[in-house]
Each structure stands twice: as C-alpha cells, then as structure tokens.
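Laboratory data are not the source of any read-out in this text; all were calculated from the coordinates shown. Quick caveat, the model's predicted, so the values are computed rather than measured. As a convention, Cβ positions derive from the backbone with ideal geometry for all residues, glycine included, and neighbour counts pool all protein chains shown.
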Amino acid sequence: MDDSFALRAGEARALVSAQGAECRQWRIGARDMLWAGGGTIWPSVAPVLFPACGWSRNGQIRIGEKTYPMPVHGFASHGRFDAKPIDDSAICFTLRSDETTAHHYPFNFTLALTYRLAPTALNVSFEVVNDGDCVMPYAVGLHPGFVLDWKPGPHCFTFAQDQRPEVPVIAPGGLFSQARRAVPLQGRRLDLTPELFCAEALCFLDLAKRRFALEGPEGRLSIDAPDFPHLVLWNRQGAPFLAIESWTGTGDPEDFSGEFFARPSMIQLPPGQRRTHHVRYCWEPLGRAQAKA
C-alpha cells in the first residue's frame, strides 16, 4: 500500500507519509530542502514527536503506580495516521488512541497534523485533543533534518536575541544533567561546524523568542516556532544535514523519578480540551536573503 501523499504549490513539492505523518520530501524547484534519510547514519527525515520529547529514564514513564515503556521521542513516529487531503497543497493526518497506544500511554487522545505547502514555505500545525475524563500530560515536537553541505561553508544559525553561550550536558541514557558546557555563541550567532555535534545535541531551553534562521552560501531558511519553547540542533557523524528540532517538553533530568505529569515542561491538558502548536519554515534564496539582511 502506498502511504505517501504529494503536495504542490508553485514550484514547490512535498511528499508526506501516513506512516508517522512524516514529511519525507520538500523541494523548491530543483532544491531539496530535507535530508533524504536512509542508510545507517539516520534513517528518518522529519519524525513527529508525541507524547514525549527526548529520552525517558530507563525507557519508561510512570503514571500513578504503573510504568509504561516509552520510546525516545514517543510513539507517534511509529503509528499509522489516517489521511484526509484538503486540497493540492494541504493535507491533515490524524492518530487516535487505541490498544497499541495504551500500551505506552494510558490516555484517550486525538493527534492531528496539518501540512500546508506554499511556493517558498512549509507550514505544520499540530492539534492535540484530550478525549478522556482526566488531565492528560503530553509533549509534542518536530524533528526535521535539513540539507546542509558543510564543504562550501560558512554556515551559521542565528537566534532572535542574544543567548547564553552554554547548553546542558547530556548524561548517559540521553538524560539532562545540571552541568553546562560552553558553545561558541557570539551574541545571537552560532557558527556551524560538524565538530560542534561530536559529543551530543545542542539543547537551548526556555527560549523567549522563537524565531531562528539557518544561513549559508545559498540562502536562508527561517524558522518560526511560537508554540515551542525548546530548540535542539543535532547532527550525526558530519552527515550533510542539520536537524532543527522544535520541542514543547524535554527529556527526563538524570535524577528524575517522578510521574510523567511532573516531567519538566509537560503540558497538562484538561478533559475535553484541545491545544494547537504551529511551526513555519520559509526558504529565501541568496539574493532575497541578502536584500533583507
């Protein structure tokens, strides 16, 4: 069965799969925006994160007195979503709780993702609905890997405001420690090299302004993620991509032993309520990007 759905808008094309509601391709003209995935380095392209972002201690969460296995970044990327095309440039994918999700997460929910393609932009909207009769804790996120050819350089990542030049040290098991390590931030500019990611991802937490840009010799990719307070930058083995991850929650602290409700930054959604989260990616070729700079 073909799980993929094609979107088009002007010269832009996207391919989104019902498996995991994952965007597997985004092209603008002849330019591939997303890493192609596959191989042993990183087989994914842009996985959806739900109901957890990051790693859970011992690979499990606790609700009340019971523990549940929780994969890294949750289970949504492994689920098959129902697809409902809206028009040539937009589609909505829906995942609902069932016996499979209850094995990991004992809550009744609906998770809907809407992709809207524009000639130079990709918009992604999440809607999370609590279909149960008790408060539902969750985190949601998106983990796209964008094409980045390190050789032509230079590349930099810019924030909307100055940042402290340090990030959390990631403890064994992917957990967040209290220790911090320095990164070569200069105000709001971070020059990118593969060596930056030799140890672990760079996690910038609790950002007040959530607009960013990946800038390189060919142009600028702008990211607007107003509903995601945490940003993670990641690369593996110097491969030609940069993952720019938007998270509402974080992984477990290394000394955390509490319930899933108490995990840092978890959203507590009341029964019958819904919440939306939006992120927009916009590509500006070199000429346009220089004109705006």
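Spatially, region 11-41 and region 153-209 are offset by 26 Å when compared through their Cα centroids. Peptide packing for 96-105, 44-53, 246-255 was compared via the average number of neighbouring C-beta atoms within 10 Å per residue; ordered from the highest value, the list is 44-53, 246-255, 96-105.
Here the peptides 223-235, 189-201, 15-27 are ranked by packing, the mean other Cβ count within 10 Å, and the order with the highest first is 15-27, 223-235, 189-201. Cross-link partners of Lys84 among aspartates and glutamates, defined as those whose alpha carbon lies under 14 angstrom from its own and excluding same-chain residues fewer than eight positions apart: Asp3.
The fraction of all Cα pairs in region 173-291 landing in successive 10 Å bins from 0 to the largest distance is 10, 36, 35, 14, 4, 0, given as whole percents. So for region 171-226, considering every pair of alpha-carbon atoms, how many percent are separated by more than 12 Å? Looking at region 171-226, the distances longer than 12 Å represent 77 percent of pairs. The smallest convex shape that holds all Cα atoms of region 1-150, its convex hull, gives 129 Å³ per residue. With contacts taken as Cα pairs under 8 Å at a separation of at least 6 residues, the chain carries a relative contact order of 20 percent. Dipole check for the chain: with +1 at the C-beta of Lys and Arg, -1 at the C-beta of Asp and Glu, and the Cα centre as origin, the magnitude is about 620 Debye. Label sites at Thr276 and Asp98, each approximated as a point 7 angstrom past Cα along Cα to Cβ, lie 2.7 nm apart. Across all Cα atoms of the chain, the radius of gyration (one decimal) and Dmax (whole number) stand at 18.7, 58 Å.
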